[in-house]
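Remarks on the structure that follows.
The values are calculated or read from the model by the stated rules, or taken from the named source; none is laboratory data. Only a predicted model underlies this, so the values are computations on that prediction, with no experimental measurement involved. All Cβ positions, even for glycine, are placed from backbone atoms using ideal geometry, and neighbour counts span all protein chains on display.
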Amino acid sequence: MTGSMPLTACRYPLLFHILISIPSALSAEAEERKSLRTVTVSSFHPASDRPRRSLHHDGHGFYPEDSESLQVLDEVVDSSSNSWRAEGKEVALSIAQDVIRIGPFAAIHRFSTRAHRREQAFRGADGVLGLAFSSQPNSASVLKSLSEEERKAWHVEEPKNFRRMTRKMFTIVAGEEEGELQMDGYDDAATQDGAVAFLEVADSSGYSVVIREIRYGKHLILSSSSPGGAGAGGNTEAPRAEQLLGAFDTGSSCIELPDSAVAGLSVSPFRVLLDAHMRYGRQELSFDLTDSKGGNFVLKLPYEAWTHPHGCLGPYAGKRIIFGDPIFRRYMVVHDFHLPTIRIGLALLDPHYKILRSKSYKEEETRSGKIVKLPLQVDSSKPARRYLLQVGVGSPAQSLKMLVDTGSFLTEVFTCPPCDDKTEKSASSSSDHKRGRKQKLKREEEKEKEKNRASKGQTGGVRDSDEMPGIQAGGVVVMLSLVICVGIAEWRRRKVAVPKFRLVEYSQVEGEPSKFEFSDL
């Protein structure tokens, strides 16, 4: 997501602590009462007089009162919140349990609910689907719920008729205007040579791998390898890191570099890249990745892939390099959470691969086995792309459009009522109606004036324009001269070996650092 932090604890500190504390609190209560039993869908008691909603609109959020299987487990009260009320108090967020369906897969899962987020990054979305994985018993990962028969820490047994992910793997394939989520495997037909390189993740904090070297063109600018490890054309005096990590995160629309001295470095990785850009101009950016078992893969990004207007790169306050949208649009990224090890698979995307455009999921046999493909909607805004997936929540299922975030363990559902979007749309509709009425009156007034002028033998603006052909011709000559001058200036600029550039601030979310893009002048 645009400008989002890659780790759940950093991005949602309050939510993170609540999710960790809730299961332990429930366990304590179970010990005291000795009456807590295993929960399945069959034990939910629906309200027969509950109204049914015949149509759900994307961006309107989740209607809790419409779900027959919803259980609210805990609430956090905040008097400043604008979320739905409970017992006359404002609920900042709730921890709820309900059925989640992704394509043919389903599970009883726990997630947070809250009012619609007003930030631009969440407009038109009904929530955030966190696809990071953790093996911890209390993990809030939806992948754990979708792939296991029960959640013992939650006293939840998944219904036998719910289909589970047996191969414990999913893949992101992204294009410029569309994307695809592949579940229970990957389709190697989406790659250029069919080969997928796998690397073990470095730790349990999302999908992070070790970065051995960073190169700008042929120039080594950062290294965590042994001294003298620079290759031909490299710089043996490049800053060395103890262990620099890179996290794959669909929730980040940019490649983000720490703007502070991290991993034992004396300088920030972002400033090192900035200096290399000023020295060497337009160059390819590459990351040499490795793991503890000797696996190796080199991510290569042409200059156009990570710079304005097709990509973006900028500084942020974290400690890891974030591999956001520019990586996913160039590489197929496989997430293998089949324990005992979690792995990331990488392969260069085939630009001719036909991404699924159907509105529903599709099951397909591939060389790696039978997989399920689901369409991803890719936000058309550039460079701040978002990936959205249709997810069913509740019973009966409400179709929600949710942001796919592989950098977060948490699934967050936006609730309605009140639907802030509805209120805003209603107000907007009212103002549009008033504005339209004024414009109609103005047009009628202009027509009346035109009739009066015509009756006096005048033709208004057209006659005035026709009476000044010299001025029109002069304007055309001036514009042509300007175009020629600009073209010559651009040609001269491109002849210079080291281009000038600027960092363009393209968005700023309250409470988060600004995002920047590299752009040539």
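Worth pointing out:
- Yes/no for Asp193 being modelled with pLDDT under 95, over 16 Å from Leu289 (Cα atoms) and not small (Gly, Ala, Ser): yes
- When residues of the range 380-410 are limited to those that are under 23 Å from Ser134 (Cβ atoms), in contact with an Asp or Glu (Cβ under 9 Å, 6 or more places away or on another chain) and in a loop (DSSP other than H, G, I, E, B), the one modelled with the highest pLDDT: Thr406
- Which listed residue, of Glu176, Glu180, is part of a strand (DSSP E or B) and of a type in the set (D, E, K, R): Glu180
- Residue in the range 140-159 that is nearest to the chain's Cα centre (by Cα), counting only those that are under 21 Å from Lys370 (Cα atoms) and assigned to a loop (DSSP other than H, G, I, E, B): Glu148
- Check on Asp249, in contact with a Leu (Cβ under 6 Å, 6 or more places away or on another chain) and closer than 19 Å to Ile342 by Cα: no
- Lone qualifier among Gly251, Gly264 - being over 30 Å from Ser139 (Cα atoms) and at pLDDT below 95: Gly264
- Comparison of Gly175, Gly228, Gly206 shows that the only residue that is over 27 Å from the mean Cα position of the chain (by Cα) and either crowded, with 24+ Cβ neighbours inside 10 Å or modelled with pLDDT under 95 (or both) is Gly228.
- Scan of the range 231-248 for residues that are modelled with pLDDT of 70 or more and over 17 Å from the mean Cα position of the chain (by Cα), ordered by number: Ala238, Pro239, Glu242, Gln243, Leu244, Leu245
- When the range 270-298 is limited to residues that are aliphatic (A, V, I, L, M) and closer than 23 Å to Ser260 by Cα, the one that is farthest from the chain's Cα centre (by Cα) turns out to be Met278.
- Restricted to the range 268-368, the set of strands (runs of 3 or more DSSP E) holding at least 2 residues that are touching a Leu at 6+ places or on another chain (Cβ under 8 Å) and touching a residue at least 24 places away in the same chain (Cβ under 8 Å) comprises 285-290, 296-301, 313-316, 321-323, 331-336, 343-348.
Results for (1) in contact with a helix residue (DSSP H, G or I) (Cβ under 7 Å, 6 or more places away or on another chain); (2) within 30 Å of Val72 (Cα to Cα); (3) not basic (Lys, Arg), shown as yes or no for each residue.
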| residue | (1), (2), (3) |
| --- | --- |
| His310 | yes, no, yes |
| Ile322 | no, no, yes |
| Leu346 | no, no, yes |
| Ser368 | yes, no, yes |
| Asp379 | no, no, yes |
| Leu389 | no, yes, yes |
| Val393 | no, yes, yes |
